[in-house]
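Worksheet for the structure shown next.
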Amino acid sequence: MTDEPKIALRDIGRVFRVDHGELVALRDINLTVAEQEFVCLVGPSGCGKSSLLRMLANLDKPSSGTLAIRQTDPKRMLSAMVFQEESVFPWLSVEANAAYALKITGRYDRKTSPQRVDYFLEQTGLTPYRRMFPHQLSGGMKQRLSIARAFVPQPEVLLMDEPFAALDEQNKMLLQQELEKLWEESRSAVVFITHSIDEAILLGDRVVVMTSAPGRIKADIPIPFKRPRQLSEIKATSEFGHLYGQIWNLLRDEVLAARARNAASAA
């Protein structure tokens, strides 16, 4: 494995044109993500986390700075994204949704691709539902399908925007475990947005804390726990309590700053 980063962001800024002028969403973002690293982003609402992820997915362009994702295998998709909201295609079956990325990029192989689809449907518990359509699935099952669809093409980078935010606690815990297992096998580089400090500590190799708008990087905190992790086990340690308090103290000031800014603009 090379020491060269998989993802490198240098002095990234993002400015949006609005009716009254400009809205600075991100400013001076400098961040690297290594090969096979799982990085969680946390920050107050409106700090530009999703804008940053959209730029990594090539769905948007930075207003300033440079962004580079190093591709090492041209046979693999460079990146795949899992959104917070349901993003499966309602007119496709579970099986066809899972295979979609391979087909749309011309990477579908009649010999090997069905096996990959079968494997990830099995890993996410969707094999019995493969012929069904999204309207026949629960919310948790649709998110399982979104995760399976992202892993099937074996992307070099996986981008996840609060994928479990809308789920109940039980489904969230199950999907967190499934995600960690799938990532341990694939070892894509992951950038994962969450509002949950627990989730960030459970899943991340590092937790990057962002400021209120305009979003900057306030802290970059390594997570010391070995994998695989169980939330109930790590929460019982003093290290978890220290990390949680450290991250919350950093976030609390930014949440209060964002609240004060919103109140002032509304006055």
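The values are calculated or read from the model by the stated rules, or taken from the named source; none is laboratory data. Quick caveat: nothing in here was measured; it's all calculated off a predicted structure. Reconstructed Cβ throughout: ideal geometry from the backbone, glycine too, with neighbour counts over all protein chains shown. What goes into the accessible areas is simple: the full protein's heavy atoms, side chains included, and nothing from ligands, DNA or RNA. Shrake-Rupley method; radii C 1.70, N 1.55, O 1.52, S 1.80 Å.
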*For segment 163-191, enumerate the residues that are of a type in the set (S, T, N, Q), in a helix (DSSP H, G or I) and crowded, with 20+ Cβ neighbours inside 10 Å.*
Gln176
*asked:* Taking the criterion of being among the hydrophobic types (A, V, I, L, M, F, W, C) and touching a strand residue (DSSP E or B) at 6+ places or on another chain (Cβ under 8 Å), would at least one residue in segment 117-129 satisfy it?
replied: no
*Hey, does segment 37-44 have a residue that's closer than 16 Å to Ala213 by Cα, modelled with pLDDT of 95 or more and under 16 Å from the mean Cα position of the chain (by Cα)?*
yes
*Pick from Leu145, Leu158: which is open to solvent by less than 20 Å² (accessible area, probe 1.4 Å) and farther than 18 Å from Ser50 by Cα?*
Leu145
_From the options Thr105, Thr124, Thr194, residue that is closer than 30 Å to Asn249 by Cβ and either of a type in the set (S, T, N, Q) or open to solvent by less than 10 Å² (accessible area, probe 1.4 Å) (or both)_ = Thr194
*Considering segment 222-247 alone, what residues qualify as being out of contact with any helix residue (DSSP H, G or I) (no Cβ under 6 Å at 6 or more places or on another chain) and in a helix (DSSP H, G or I)?*
Ser232, Glu233, Ser238, Glu239, Gly241, His242, Gly245, Gln246
_Any residue at all in segment 166-186 that's out of contact with any Leu (no Cβ under 8 Å at 6 or more places or on another chain), in contact (Cβ under 8 Å) with a residue 60 or more places away in the chain and within 30 Å of Pro74 (Cβ to Cβ)?_
yes
*Looking only at segment 49-95, which residues are farther than 30 Å from Gly13 by Cα, open to solvent by less than 30 Å² (accessible area, probe 1.4 Å) and either out of contact with any Phe, Trp or Tyr (no Cβ under 7 Å at 6 or more places or on another chain) or among the aromatic types (Phe, Trp, Tyr) (or both)?*
Val88
*Out of Ser212, Ser146, which single residue is hydroxyl-bearing (Ser, Thr, Tyr), assigned to a helix (DSSP H, G or I) and either in contact with an Asp or Glu (Cβ under 9 Å, 6 or more places away or on another chain) or under 24 Å from Gln246 (Cα atoms) (or both)?*
Ser146
*asked:* Just to be sure before I move on: is Glu199 acidic (Asp, Glu) and open to solvent by 60 Å² or more (accessible area, probe 1.4 Å) in the structure I sent?
replied: no
*Exactly one of (1) in contact with a strand residue (DSSP E or B) (Cβ under 7 Å, 6 or more places away or on another chain); (2) assigned to a helix (DSSP H, G or I) is unmet by Pro155. Its number?*
(2)
*Of the numbered conditions (1) touching an Asp or Glu at 6+ places or on another chain (Cβ under 6 Å); (2) under 20 Å from Ser146 (Cα atoms), Lys6 satisfies every one except a single condition; which is it?*
(2)
*List the pairs whose first member sits in segment 24-52 and is under 22 Å from Thr72 (Cα atoms), whose second member is in a loop (DSSP other than H, G, I, E, B) and not basic (Lys, Arg), and whose Cβ atoms are under 6 Å apart, counting only residues at least 6 apart or on separate chains?*
Thr32/Pro5; Ala34/Pro5; Glu35/Met1; Glu37/Asp205; Phe38/Gly204; Phe38/Asp205
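The rows are residues; the columns are (1) farther than 23 Å from Thr194 by Cβ; (2) among the β-branched types (Val, Ile, Thr); (3) at pLDDT 90 or above; (4) out of contact with any helix residue (DSSP H, G or I) (no Cβ under 9 Å at 6 or more places or on another chain).
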{"position": "Ser79", "(1), (2), (3), (4)": "no, no, yes, no"}
{"position": "Gly106", "(1), (2), (3), (4)": "yes, no, no, yes"}
{"position": "Val117", "(1), (2), (3), (4)": "yes, yes, yes, no"}
{"position": "Tyr129", "(1), (2), (3), (4)": "yes, no, yes, no"}
{"position": "Gln136", "(1), (2), (3), (4)": "yes, no, yes, no"}
